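Trainee: Structure provided below as structure tokens; questions to follow.
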Amino acid sequence: MSHKHRDPVYPEGLTGVFDTHAHLYDERIFADAEGALERALKCGVDTVLVPGDNEETSKLAIDFVQEWDGFKGIALYCSVGVHPHESSSYDDNVEQVLIDLLSKREKYKIKAIGEIGLDYYYDLSPRDVQRDVFRKQLELAYELDIPFILHERDATQDCLNILKEAKQKGMLLDTPGVCHCCTCSAEIVKILVDMGFYIGFDGPVTFKNNKKSPGVLEICPWDRIVVETDSPYMAPEPNRGMTNEPAFVTLVVEKISQLKGEDPQKVACITRENGMRLFRI
């Protein structure tokens with residue numbers, strides 16, 4: 001049976017689930033925004049944060065939230081920032097746009113800077129440029145007293161070095177932000193948690209070949225776990241290979257509840273509280 005002919009699984013029965021990372025402006029979801037939000041609500045997902053990853057998508061995230069926040073009771077928030085893939089586009093003008101948007105963060109429901117960080121897997125921007133842009137946005141997050149969403153892939157050591165450097169300069173908030181879709185080892189996660197970070201778990205936690213996440217979950221304190229979809233990417237099992245959407249975050253909640261031996265509704269409540277605290281909602 002091929003992916004194309006499977007029907008997606010939409011688990012119901014949970015309430016108060018917070019998907020802390022979903023790119024709802026992506027055309028794969030935006031084409032049926034109303035349907036995606038209705039399915040989310042039916043699955044118990046009533047809060048979603050929509051992150052930007054460059055100047056254009058940051059504005060799209062704001063527009064999406066302005067248009068759809070409150071739809072049938074769903075609460076939407078967003079973030080603005082420049083992803084490491086897009087670092088080459090970052091200049092003084094882009095920085096000024098971010099500062100202007102962040103100056104209206106109450107109005108626009110902007111709760112974080114991001115996603116920002118380093119990605120040496122795709123290397124879509126030169127590494128030195130990525131590091132420079134990461135430092136600039138870290139500084140912005142500190143100066144504006146707002147958490148950030150950290151994207152790190154195949155760049156763990158450089159990422160840690162930059163974070164430690166910021167901390168030594170006294171330019172890292174006590175709760176700096178979240179390590180989004182965390183793929184780090186348990187050792188690194190422990191360091192991040194000690195630095196004040198929350199840890200984001202996504203679809204890969206459900207993948208059968210994922211040997212890392214169970215060990216990471218084991219050492220990750222309950223009060224630092226948040227759940228994400230990263231829609232439209234990385235749909236969890238058994239919907240792997242489909243367009244991801246916020247409704248599917250319930251599958252991540254269920255997997256965490258299995259791995260941690262806790263009731264799924266309790267996991268939904270804990271991860272929601274953590275997300276609200278992290279993003280100061």
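Trainee: In the Gaussian network model of the chain, springs joining C-alpha atoms below 10 Å, which of 16, 117, 35 carries the largest mean-square fluctuation?
Mentor: The residue with the greatest mean-square fluctuation here is 35.
Trainee: Still on this model: Compute the normalised compactness of region 1-136: alpha-carbon radius of gyration over 2.2 N^0.38 Å, N being the residue count. Working shown, then result.
Mentor: Details: Rg = 16.7 Å, N = 136, 2.2 N^0.38 = 14.2 Å.
For region 1-136, the normalised Cα radius of gyration comes out at 1.18.
Trainee: Okay, next question. Send over the semi-axes of region 59-211's equivalent ellipsoid, whole angstrom and largest first, taken as the square roots of 5 times the C-alpha gyration tensor eigenvalues.
Mentor: 24, 20, 16
Trainee: For the chain, what does -39500 (n - 2.57) per DSSP helix run (n ≥ 4), summed and divided by total residues, give at 222 nm, in deg cm²/dmol to the nearest 500? Before the final figure, lay out each step's value.
Mentor: Values: 11 runs with 116 residues, N = 281.
Value at 222 nm, helices only, nearest 500: -12500 deg cm²/dmol.
Trainee: I'd like to know which of 76, 89, 278 lies farthest towards the positive end of the charge dipole of the chain, counting +1 on Cβ of Lys and Arg and -1 on Cβ of Asp and Glu.
Mentor: 278
Trainee: Here is a further query. Where does the charge balance sit around residue 172 when Lys and Arg score +1, Asp and Glu -1, over other residues with C-beta under 14 Å from its C-beta?
Mentor: Values: positive: 135, 164, 167, 169; negative: 139, 143, 145, 165, 174, 194.
Neighbour charge sum, excluding residue 172 itself: -2.
Trainee: Pick out, in residue order, every one of the trypsin sites (Lys or Arg not before Pro) in region 196-259 that is DSSP loop and has at most 12 other C-beta atoms within 10 Å; say none if there are none.
Mentor: Listed in order of number, the matching sites are 208, 211.
Trainee: Still on this structure, I have one more. What is the Cα centroid distance between region 173-206 and region 39-116, reported in whole angstrom?
Mentor: Taking the Cα centre of each part, region 173-206 and region 39-116 sit 21 Å apart.
Trainee: Given that compact globular proteins tend to follow 2.2 N^0.38 Å, what is the ratio of the alpha-carbon Rg of region 10-278 to that value? Walk me through the numbers on the way to the answer.
Mentor: On the way: Rg = 17.1 Å, N = 269, 2.2 N^0.38 = 18.4 Å.
Cα-based Rg divided by the globular estimate yields 0.93.
Trainee: With charges only on Cβ, +1 for K and R and -1 for D and E, what is the dipole size of region 185-281 about its Cα centre, in debye, rounded to 20?
Mentor: 80
Trainee: Could you please report the charge total around residue 192, scoring K, R as +1 and D, E as -1 over all other residues with beta-carbon less than 12 angstrom from its beta-carbon?
Mentor: Net charge in that neighbourhood comes out at +1.
Trainee: Please build a GNM for the chain, connecting alpha carbons under 10 Å apart, and tell me which residue among 62, 110, 191 fluctuates the most.
Mentor: Result for the chain, Cα springs under 10 Å: 191 fluctuates most.
Trainee: Could you tell me, in Å, what Rg and Dmax come out for the Cα atoms of region 149-248?
Mentor: Rg and Dmax of region 149-248, Cα atoms, are 14.1, 45 Å.
Since every read-out is calculated from the coordinates, none of them should be taken as a lab result. Computed from a predicted model, the values in this text were never measured in an experiment. Virtual Cβ from ideal backbone geometry, glycine too; neighbours counted across all protein chains shown.
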